[in-house]
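K.L.:
Take this structure, written in structure tokens, and hold onto it; I'll ask about it next.
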Amino acid sequence: MNKKTFSFPTAYTVILIVMLIVLALTYIIPAGKYAKLQYDSSSNVFLVESPKGDLKEYKGNQKTLDELKVNIGYSRFKDGSISKPVAIPGTYEKPERPSTSILGALTTIFKAPVKGLYDSIEIIAFVLVIGGLIGIINKTGAFTAGINALSHKSKGKESLLIIIICTLVAIGGTTFGLAEETIAFYPIVVPIFIAAGYDALVAIAAIYLGSCIGTMASTVNPFSTVIASNTAGIDFTQGMTLRLIMLVIGLIICIVYIIRYGEKIKKDPSASYIYSQREELERQFLSNKNNEDAPEFTLSRKMILIIFALAFVIMVYGVKELGWWFEEMTALFIVVTFIMIFFAKLSEKEFVSEFMNGAADLLGVGIIIGLARGVTIIMENGMISDTILNSLSLGVAKMNGIVFSTFIFFVYIILGFFISSSSGLAVLSMPVMAPLADVVGISRDVIVSAYQFGQGIMSFITPTGLILASLAMVNVTYDKWLKFVLPLVIIIGVLAIVMLGLGVLF
């Protein structure tokens, strides 16, 4: 009689389990809310929502902020640097949470994923369009021809690919928060790494860890560093040296870690954590790798790949310099799709069919993104975010500076699990956390760095972030990723604590 072996659940099941856990926590953790302040630029007033939901209007000026003990310059609201609601220190209350029946709980658990899909529709549309475009390019044979050419040229220099890709993605992460956009890179990079003798985990790591360490040690990222510093009442250049050192050391550690694993796989493929999927992944990504009839790398195929690559350059420029977001990025790749008509040499029916097939391949990724957003919705409706924040901020007044910085780092690790939005966590927590630095006698930029390091390190593993969507691109289960990345998380975590301690001392 054959014993049934345990099979780790898919990304969908993992998120649903997390959703159930968070729903259960809303029955255990008391409801709590801070009063929230938001600036209305059209009428130049501050709107303050009390924990009970009552709205009150205040004059839009610095005096109002001073009276409410919100230590942020009025100009930050006026110029649009801070647009999300800001928690007002000292206003935490425990409003009564409406009692929910079993039917109500079931309604919540089933409606949350639907609301998550609605809230994430821009990202999902972006993913589907990218999938459709990749489907067309795959049909032309451009990827296969390019991969064959690249694999021949990179013989003996495969580790250079890891260094280049990881570094470029980290630069994007530290400057403008390159994260969700990297989903588009996996179908391109995975075949290159597999052709070079690595496994798919190396490709995922080069992109995902590059993004994680970049955003974790953000230097000028407007979605974390700038908004967190503004909300803390300091200039974003304060603490930049510390974060820049963290970026360089952390990136080197990540690259060395990936290369060591990759070289081990090249020497002994059976050492791969996903060795059992090797043949499946080679069929999926390298169908023509060893085929003598592999497509020739013609001028038209070169042009297809050049146009595709230029689209990413334009995307990066648009996000960083022009304020683009998913609507504009999706429109860009739709334009690129139409341009491909002139190079793909496909009939109208083939073109449309391959676009739809490509989009269908990434539909699961889009659903995972929506499900992850559903977790956040349950937590917001259950009013437990503010309770967790308030509980963790108590009892720090007598702490030593280094102990305090380490404590805040772990506070943000916990908060980072529940609140995956960097800007959302910044405006919620900084008005409460930043004044604690004054009490302990350290610079507020240490709080900003602790916020970035804590939330950033959670992004390496948290199922409510992007990792499950990234793993779904190559059908790798979450347990394999954890086995691969947890030693690195510990190393980076120790580095973060040391860097925060140095920030306190110097």
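K.L.:
Among Phe343, Phe333, Phe338, which is out of contact with any strand residue (DSSP E or B) (no Cβ under 9 Å at 6 or more places or on another chain), closer than 21 Å to Ala145 by Cβ, modelled with pLDDT of 85 or more and not basic (Lys, Arg)?
P.N.:
Numbers: Phe333 fails: closer than 21 Å to Ala145 by Cβ; Phe338 fails: closer than 21 Å to Ala145 by Cβ.
Testing whether each residue is out of contact with any strand residue (DSSP E or B) (no Cβ under 9 Å at 6 or more places or on another chain), closer than 21 Å to Ala145 by Cβ, modelled with pLDDT of 85 or more and not basic (Lys, Arg) leaves just Phe343.
K.L.:
Same structure again: For the range 319-346, name all the residues that are among the β-branched types (Val, Ile, Thr), buried (at least 16 other Cβ atoms within 10 Å of the Cβ) and within 24 Å of the chain's Cα centre (by Cα).
P.N.:
Answer for the range 319-346, where residues must be among the β-branched types (Val, Ile, Thr), buried (at least 16 other Cβ atoms within 10 Å of the Cβ) and within 24 Å of the chain's Cα centre (by Cα): Val319, Thr330.
K.L.:
I would also like to ask the following. Go through (1) crowded, with 22+ Cβ neighbours inside 10 Å; (2) out of contact with any strand residue (DSSP E or B) (no Cβ under 7 Å at 6 or more places or on another chain) and name the single condition Asp386 misses.
P.N.:
(2)
Here is a yes/no grid of residues against (1) under 25 Å from the mean Cα position of the chain (by Cα); (2) not assigned by TED's automatic domain parsing to the domain that holds Ser120:
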| residue | (1), (2) |
| --- | --- |
| Ile255 | yes, yes |
| Gln284 | no, yes |
| Tyr317 | yes, no |
| Ser353 | no, no |
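K.L.:
Moving to a separate point now. Are there any pairs with C-beta distances below 7 angstrom linking a residue in the range 163-179 that is modelled with pLDDT under 90 and crowded, with 22+ Cβ neighbours inside 10 Å to a residue that is in a helix (DSSP H, G or I) and aromatic (Phe, Trp, Tyr), with the two at least 6 apart or on different chains, and if so which?
P.N.:
Hits for this filter: Gly177/Phe223.
K.L.:
With outside the structural domain of Val129 (by TED's automatic domain parsing), farther than 27 Å from Val440 by Cβ and not aromatic (Phe, Trp, Tyr) as the only criterion, which of Ile377, Ile341, Ile402 stands out?
P.N.:
Details: Ile341 fails: outside the structural domain of Val129 (by TED's automatic domain parsing); Ile402 fails: farther than 27 Å from Val440 by Cβ.
Just one listed residue meets the conditions, Ile377.
K.L.:
Give, as residue ranges, the helices (runs of 4 or more DSSP H) completely inside the range 177-262 that count at least 1 residues that are within 19 Å of Thr477 (Cα to Cα).
P.N.:
Values: elements: 186-195, 200-216, 227-232.
In the range 177-262, 186-195, 200-216 are the helices (runs of 4 or more DSSP H) which contain 1 or more residues that are within 19 Å of Thr477 (Cα to Cα).
K.L.:
Go over the candidates Leu486, Leu466, Leu482 one by one and state the one that is over 17 Å from the mean Cα position of the chain (by Cα) and touching a residue at least 12 places away in the same chain (Cβ under 8 Å). Write out each step before concluding.
P.N.:
On the way: Leu466 fails: over 17 Å from the mean Cα position of the chain (by Cα); Leu482 fails: over 17 Å from the mean Cα position of the chain (by Cα).
The match here is Leu486.
K.L.:
Output the residues belonging to the range 206-234 that are of a type in the set (Gly, Ala, Ser) and farther than 27 Å from Leu482 by Cα. Please lay out each step first, then the result.
P.N.:
Pass one, the range 206-234, residues of a type in the set (Gly, Ala, Ser): 206, 210-211, 214, 217-218, 224, 228-229, 232-233.
Matches in the range 206-234: Ala228, Ser229, Ala232, Gly233.
K.L.:
Does Phe223 satisfy being surrounded by fewer than 19 Cβ atoms within 10 Å (Cβ to Cβ) and either among the aromatic types (Phe, Trp, Tyr) or closer than 26 Å to Gly135 by Cα (or both)? If you could, list the steps in order and put the result at the bottom.
P.N.:
Values: surrounded by fewer than 19 Cβ atoms within 10 Å (Cβ to Cβ): yes; either among the aromatic types (Phe, Trp, Tyr) or closer than 26 Å to Gly135 by Cα (or both): yes.
It is true that Phe223 is surrounded by fewer than 19 Cβ atoms within 10 Å (Cβ to Cβ) and either among the aromatic types (Phe, Trp, Tyr) or closer than 26 Å to Gly135 by Cα (or both).
K.L.:
Need the failing condition index for Gly358 against (1) farther than 26 Å from Asn221 by Cβ; (2) surrounded by 16 or more Cβ atoms within 10 Å (Cβ to Cβ); (3) not assigned by TED's automatic domain parsing to the domain that holds Ala125, just the number.
P.N.:
(3)
K.L.:
If Ala195 satisfies every condition in (1) in contact with a Ser or Thr (Cβ under 7 Å, 6 or more places away or on another chain); (2) at pLDDT below 80; (3) more than 30 Å from Leu16 (Cα to Cα) but one, which is the exception?
P.N.:
Exception for Ala195: condition (2).
K.L.:
Further question on the same structure: Checking Val248 against (1) under 21 Å from Pro487 (Cβ atoms); (2) among the aliphatic types (A, V, I, L, M); (3) in contact with a Lys or Arg (Cβ under 6 Å, 6 or more places away or on another chain): exactly one of these is not met. Which one?
P.N.:
Looking at each condition in turn, Val248 falls short on (3).
K.L.:
Yes or no: Gly233 at positive phi and modelled with pLDDT of 85 or more? First the steps, then the outcome.
P.N.:
Working: at positive phi: yes; modelled with pLDDT of 85 or more: no.
No: the conditions fail for Gly233.
K.L.:
Further question: So if I check each of Gly366, Gly374, which one is touching an Asp or Glu at 6+ places or on another chain (Cβ under 9 Å) and either among the β-branched types (Val, Ile, Thr) or crowded, with 20+ Cβ neighbours inside 10 Å (or both)? Spell out how you get there, then give the answer.
P.N.:
Numbers: Gly366 fails: touching an Asp or Glu at 6+ places or on another chain (Cβ under 9 Å).
Checking each option against the conditions leaves just Gly374.
K.L.:
Within the range 421-437, is there a residue that is among the polar types (S, T, N, Q) and modelled with pLDDT of 85 or more? Working first, answer last.
P.N.:
Step one: list which residues in the range 421-437 are among the polar types (S, T, N, Q), which gives 421-423, 429.
Next, from what is left, pick out any that are modelled with pLDDT of 85 or more: none.
No; the residues of the range 421-437 include none that is among the polar types (S, T, N, Q) and modelled with pLDDT of 85 or more.
Conditions tested, residue by residue: (1) over 29 Å from Gly364 (Cα atoms); (2) touching a Phe, Trp or Tyr at 6+ places or on another chain (Cβ under 7 Å).
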| position | (1), (2) |
| --- | --- |
| Ser421 | no, no |
| Ala437 | yes, no |
| Leu468 | no, yes |
| Asp479 | no, yes |
| Leu505 | yes, no |
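K.L.:
Please find, among Leu47, Leu20, the residue that is modelled with pLDDT of 80 or more and not assigned by TED's automatic domain parsing to the domain that holds Lys84.
P.N.:
Numbers: Leu47 fails: not assigned by TED's automatic domain parsing to the domain that holds Lys84.
Answer to the selection: Leu20.
K.L.:
While we're on this one: Among the residues of the range 424-483, count how many are on the phi > 0 side of the Ramachandran plot and crowded, with 21+ Cβ neighbours inside 10 Å.
P.N.:
Looking only at that region, the number is 0.
The values are calculated or read from the model by the stated rules, or taken from the named source; none is laboratory data. This structure is a prediction, so every number in the text was calculated from the model and none was measured. Counting neighbours? That spans all protein chains shown, and the Cβs are built from the backbone with ideal geometry, glycine included.
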